[in-house]
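Just below is one structure, and these are the notes that go with it.
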Amino acid sequence: MKSVNKKSSFKLFVAGGSGFIGSNFIRMMLAKYPEIQVLNFDKLTYSGNPDNLEMIAKDKRYSFVRGDVADATALRRAFISFSPDYILNCAAETHVDRSIHVGSEEFIKTNIGGVFNILELIKESGVKKYVQVSTDEVYGSLPKPHLFTETTPFAPNVPYSATKAGGDLLCRAYYFTWKVPVVVTHCSNNYGPYQYPEKLIPFFILRMLENKTLPMYGDGKNVRDWIHVDDHCRALALCLFKGKPGEVYNIGADNEMTNLQIADLILTYFKKPKSTIEFVADRPGHDRRYAIDARKIKRELGWKPSKKFAAAFKETIDWYLANPQWIERVRKKTGVFNPHIDLWKPHKLSNKKVKK
């Protein structure tokens, strides 16, 4: 396959491009490749936000089609009309809590059915590469000091991660059966600008702006491996252009932190006491630890994270403070963030048995 450079002309189909990762990826690609054509195919669910791409909406290289990857007819129509060279699928139902408290049907339709529809289209097309954006959560919970590798067996513990694993396995099957040129990525927790405020970091930032407590599941010692969305997007681009079809690449930045540590950083920024944290009952199926071994993508594709966590974390908080209109438009569209908060009940840690 001919290598892509800054002067290359190609068409990129991004499913779910109005969300957090997809919109950051589209902006990055338009900035880097002057001859690119991008089609954003997005259902615009509660977390899909046109404001994320407002600054490039009038760019002649960018177009938008509102549609659902679970709708095979609409997907096919947009796909055939655009005739892409590359596909990146960010379209997904991603919030673990919603898969538990609201229901899993939409997760199954999008995360499995949507992937199936994309694979069926690619099977009969000339697409050069398809990157399926997935999550480290498919691997389940991980004891110290181990790290997730690309050969770690899947062991999803909640409906969200189970549906993502289902889509990933379809990708594997379509490569080995029909040689569909698909690459699957498993990334750790992302942070950065334009993230919908149901996720931990922006949710806590907004709670601070509202002078509210920070609800903390369990004992707060669940560990996640944090990566800035810009570093994730650079890794996705490498997978798109240099990744080997049929391969899986783990993406992580070696920033393991407990939820309590994240909360403490936010409290420190806002000069709030630790008593602002309100410990609440743990959620069902809450994985204890995730940690990524990213040596493969570093070795084979030459990727490495560029963001320093402390500085990038502060920049992220600064971004939300500097963009109150973005926050208010999201709030007006979707209402209360994490409405299942009413299900949370305060508890005393001394009376709580925490799973090791």
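Assorted remarks:
- Annotation note: Cβ proximity below 6 Å between a residue of segment 256-268 that is assigned to a helix (DSSP H, G or I) and a residue that is at pLDDT 95 or above (sequence gap 6+ or interchain) occurs for ASN259/GLY220; ASN259/ASN222; LEU260/GLY220; ALA263/LEU214; ALA263/ILE277; ILE266/PHE204; LEU267/THR276.
- The residues on offer are GLY246, GLY220, GLY252, and the sole one that is under 15 Å from SER134 (Cα atoms) and surrounded by fewer than 21 Cβ atoms within 10 Å (Cβ to Cβ) is GLY246.
- Some residue of segment 9-29 being hydroxyl-bearing (Ser, Thr, Tyr) and either within 20 Å of the chain's Cα centre (by Cα) or part of a strand (DSSP E or B) (or both): yes
- Single match in TYR62, TYR33, TYR46 (criterion: within 21 Å of PRO193 (Cα to Cα), modelled with pLDDT of 95 or more and among the hydroxyl-bearing types (Ser, Thr, Tyr)): TYR62
- In segment 207-235, the residues that are polar (S, T, N, Q) form Cβ pairs under 6 Å with partners that are assigned to a strand (DSSP E or B), at six or more places apart or across chains, as follows: THR213/GLU278.
- Screening VAL133, VAL115 for residues that are without any contact (Cβ under 8 Å) to a residue 60 or more places away in the chain, on the phi < 0 side of the Ramachandran plot and of a type in the set (A, V, I, L, M) leaves exactly one candidate, VAL115.
- In segment 294-308, the qualifying residues are those that are surrounded by 18 or more Cβ atoms within 10 Å (Cβ to Cβ) and in contact (Cβ under 8 Å) with a residue 60 or more places away in the chain, and the one that is farthest from SER134 (Cα to Cα) is LYS307.
- Residues being outside any helix (DSSP H, G or I) and either surrounded by 24 or more Cβ atoms within 10 Å (Cβ to Cβ) or touching a strand residue (DSSP E or B) at 6+ places or on another chain (Cβ under 6 Å) (or both) are entirely absent from segment 158-173.
- Residue match in segment 133-156 (condition: among the β-branched types (Val, Ile, Thr) and either surrounded by fewer than 17 Cβ atoms within 10 Å (Cβ to Cβ) or modelled with pLDDT under 95 (or both)): yes
- Within segment 230-245, the residues that satisfy the criterion of being farther than 19 Å from PHE148 by Cβ and not aliphatic (A, V, I, L, M) are ASP230, CYS233, ARG234, PHE241, LYS242, LYS244, PRO245.
- One residue from PHE204, PHE154 being in contact with a helix residue (DSSP H, G or I) (Cβ under 8 Å, 6 or more places away or on another chain), in a loop (DSSP other than H, G, I, E, B) and either of a type in the set (A, V, I, L, M, F, W, C) or free of Cβ contacts under 8 Å to residues at least 60 places away in the same chain (or both): PHE154
- Unmet requirement for ASN49, which otherwise passes all of (1) farther than 22 Å from VAL115 by Cβ; (2) in contact with a Pro (Cβ under 9 Å, 6 or more places away or on another chain); (3) not β-branched (Val, Ile, Thr): (2)
The values are calculated or read from the model by the stated rules, or taken from the named source; none is laboratory data. None of these values were measured; they are calculated from a predicted model. We place every Cβ from the backbone using ideal geometry, glycine too, and count neighbours over all the protein chains shown.
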